[in-house]
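Quick notes on the structure that follows.
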Amino acid sequence: MSDNNGEATPAPVEATPAPVEATPAPVGGPNSGTIRVGQGFDVHPFSEDPDRIFVLGGVSFPQAQGLVGHSDADVAAHACVDAILGATGLGDIGQLFPDTDPDLEGADSLALLARASDLLADAGWSVSNIDCTVILDSPKLAPHRIQMQDNLSEAVGAPVSIKGKRTEGVAGLAGGVQCHAVALVVAR
Ligand code: MG
């Protein structure tokens, strides 16, 4: 091989491929088929305000003591929001729906859950299912479990299950209602 001057040019050194650097997927940037799990937790204390309505899983319990909260204080819906946001790295409920936002005062938390689910869908994620455990002594959940599951499932667009657990007299647990949620999400 020669260049334009007729001088021999050294054989090209065989190119060594540059090492491929692993590029971490951006948070919230799914690859198709990626499966992630997310965990959510929420707690609201009981309210002294007789006008506060106890709402859980979108079901109102007019006879029960309400919970303190900026929105309707639906701990199940809030835990579900954090579970799906956590799974996808899309933030948390406080970022998405700040309790300083006057527009969210008394908000229907099922609508917030639906909005969070839409955000996931826009980012390429699909919720597979969510499983919740609600910790409280009263009211009894069993008569309303199906309705709560239906409400939450409709908001998420995927099956949501609800299980009730009593406080078993553990100090500190009876002053409010807690919910733990675990969500499985899949990248489309
Ligand atoms: Mg909350």
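The values are calculated or read from the model by the stated rules, or taken from the named source; none is laboratory data. Just so we're clear, the structure is a prediction, and the values are computed from it rather than from any experiment. Every residue, glycine among them, receives a Cβ derived from its backbone with ideal geometry; neighbour counts consider all protein chains shown.
Screening region 64-79 for residues that are surrounded by fewer than 21 Cβ atoms within 10 Å (Cβ to Cβ) and either assigned to a loop (DSSP other than H, G, I, E, B) or of a type in the set (S, T, N, Q) (or both) and picking the one that is farthest from the ligand (Cβ to nearest atom) gives GLN65.
Given the options LEU120, LEU113, LEU56, LEU90, name the one that is over 18 Å from LYS163 (Cα atoms), within 12 Å of the ligand (Cβ to nearest atom) and touching a helix residue (DSSP H, G or I) at 6+ places or on another chain (Cβ under 7 Å). Talk me through it step by step, then tell me what you get.
Values: LEU120 fails: within 12 Å of the ligand (Cβ to nearest atom); LEU56 fails: over 18 Å from LYS163 (Cα atoms); LEU90 fails: within 12 Å of the ligand (Cβ to nearest atom).
After applying the criteria, what remains is LEU113.
Checking each residue of region 93-105 against the condition of being of a type in the set (A, V, I, L, M, F, W, C), at pLDDT 95 or above, in contact with a strand residue (DSSP E or B) (Cβ under 7 Å, 6 or more places away or on another chain) and crowded, with 23+ Cβ neighbours inside 10 Å gives no match.
Yes or no, residue by residue, for (1) under 14 Å from VAL81 (Cα atoms); (2) among the small types (Gly, Ala, Ser); (3) not in a strand (DSSP E or B):
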site	(1), (2), (3)
LEU120	yes, no, yes
SER126	yes, yes, no
ASP137	no, no, yes
LYS140	no, no, yes
HIS144	no, no, yes
GLN149	no, no, yes
ALA171	no, yes, yes
CYS179	yes, no, no
ALA183	yes, yes, no
